[in-house]
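These notes concern the structure reproduced below.
The values are calculated or read from the model by the stated rules, or taken from the named source; none is laboratory data. Here the structure is a predicted model, which means the values were calculated and not measured. Here the Cβ is made from the backbone with ideal geometry for all residues, glycine too, and neighbour counts use every protein chain on show.
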Amino acid sequence: MGRFTVLDLLNLDLKEHNALNLRCLGGRPGLSREIRVPDLNRPGLALSGFFENFGPERIQIFGRGETAYLQKLEQEGESETIQRLLSRDDVPCVLFTHGLEPTKDFYALAEQYNCPVLQTDLPSSEFQSRLIRALSNIFAAQETRHGVLVEVFGIGVLILGDSGVGKSEAALELVERGHRLVADDAVEIRCVAGNILLGYGANPTLGHHMEIRGLGIINITHLFGVGAIRDKKQIQLIVELEDWDSDKSYDRIGAEERTREILGVKVAYLQVPVKPGRNIPVIIETAAMNERLKKMGYYSAREFNQSVLKWLETENARSRHFQERDPMSLDDLSTG
Amino acid sequence: MTERDVVIKNRAGIHARPAALIVQTASKYKSKIAFRNEHEEINAKSIMGIITLGASYNSSLTIRAEGEDEAEAVDALSKLFEDRFEEE
């Protein structure tokens, strides 16, 4: 991630329950200030003159209390603490909730020091939780992977493999079968909430395009409709395609869980060898369904092996039973 | 491993045609080749990847190659940048 500025925060295109409803009231030249930490601060103590342990690099939130205090300060003609707060250029911005407006003094000082003044119509508590959520997404650990991310039966499948192995072709057929494309070629992966990997298209402005050898670049949204795309999806399964190597032994049973780590999060991992005549999309579809079964607690390979073991056990018991003489047989009774 | 910094010298930046040229050149070599900017690294054999880098006029990239023919690959690719992708 590059510099994340106050202007980037204003431009965040979040929808519905995530929307921040921000607008800029003043201090526009300061919009280029960088937001360095995913945190916020209520500057009540600082306004009253106590600057010890003050977190200047955080976004400063002014709610009803702080705004009322600003009005009190203005009536008393006090502006020293406001000046002390606004003159720091490590403060990224000040933000008023509830649609509140700053006092004239405050506004003039903010303009003087080029400190951006933002406003939202949301109540403080709701806004703070939305802002923390948005910022922790932005500041989450991230990396870009070469691969294709598709949603198959509700499971986010990241298809990896060398160039030319057929990732995009497999994804195209999956889209054609009614599944959804999230990103082709460059998948941006973010680790959110510590253990969830979210995959995005690396560049949202370029939209959902794919490069298919022989066809060139195609627009998936226009060709297959909005039902064929998704903006982001949790990565729940990694399928690595590789050219069939006859010397290598591939998993034949699938009873052991293989995982692969991305950004410190373990994700179920499958290695699928590719050779002409193998229908990779069907294999990926089946892998996704199998993954869903596993999430429901049913492990095909394990259950199968359980039945084999049970069957062998009964066979064993039965043969032993037939070999031994029955102690309650009529012969025994007559001799006894 | 061979690395070299290059600057995009054609006005239009890396759009579809230069990207295709890069991919075609990179695919001739066996080495693993990647382009890196400040915050991401992208496989040089993937056309969509290169376009999404959004490399514009005068910005710089690092070419990194690893493999048996890495030196030749980096030479051939940096020559494309020098030649402004046969544009202009």
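Residue-wise test of (1) modelled with pLDDT under 85; (2) within 16 Å of B:K79 (Cα to Cα); (3) more than 10 Å from the chain's Cα centre (by Cα); (4) within 12 Å of chain A (Cβ to nearest Cβ).
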residue	(1), (2), (3), (4)
B:A19	no, yes, no, yes
B:I22	no, yes, no, no
B:R36	no, no, no, yes
B:K45	no, no, no, yes
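Have a look at A:I155, A:I212, A:I218, A:I189 and point out the one that is in contact (Cβ under 8 Å) with a residue 60 or more places away in the chain and either within 30 Å of B:P18 (Cα to Cα) or touching a Pro at 6+ places or on another chain (Cβ under 8 Å) (or both).
A:I189
Pairs only if they're at least six apart or on different chains, beta carbon under 6 angstrom, first in region A:120-145 and at pLDDT 85 or above, second of a type in the set (D, E); list them, first residue then second.
Listed by first residue and then by second, the contacts come to A:T144/A:E188; A:T144/B:E40.
Could you count how many residues in region A:22-53 are over 20 Å from A:R3 (Cα atoms), surrounded by fewer than 13 Cβ atoms within 10 Å (Cβ to Cβ) and not small (G, A, S)?
Total meeting the criteria: 4.
Need the failing condition index for B:S60 against (1) within 13 Å of another protein chain (Cβ to nearest Cβ); (2) of a type in the set (S, T, N, Q); (3) surrounded by fewer than 23 Cβ atoms within 10 Å (Cβ to Cβ), just the number.
Result: B:S60 fails condition (1) only.
Please go through region B:29-75 and give me each residue that is under 17 Å from B:R17 (Cβ atoms), in contact (Cβ under 8 Å) with a residue 40 or more places away in the chain and in a helix (DSSP H, G or I), ordered by number.
none
Only strands (runs of 3 or more DSSP E) wholly contained in region A:149-227 count here; list those with 1 or more residues that are within 23 Å of the chain's Cα centre (by Cα) and within 12 Å of chain B (Cβ to nearest Cβ).
It comes to A:155-160, A:180-183, A:186-192, A:196-201, A:209-212.
In region A:240-274, how many residues are farther than 22 Å from A:V152 by Cα and either at pLDDT 80 or above or loosely packed, with under 11 Cβ neighbours inside 10 Å (or both)?
Adding up the residues that qualify gives 12.
Hey, B:A26 hits all of (1) within 10 Å of the chain's Cα centre (by Cα); (2) closer than 23 Å to A:P204 by Cβ; (3) within 14 Å of chain A (Cβ to nearest Cβ); (4) in contact (Cβ under 8 Å) with a residue 12 or more places away in the chain but one; which does it fall short on?
The single condition B:A26 does not satisfy is (2).
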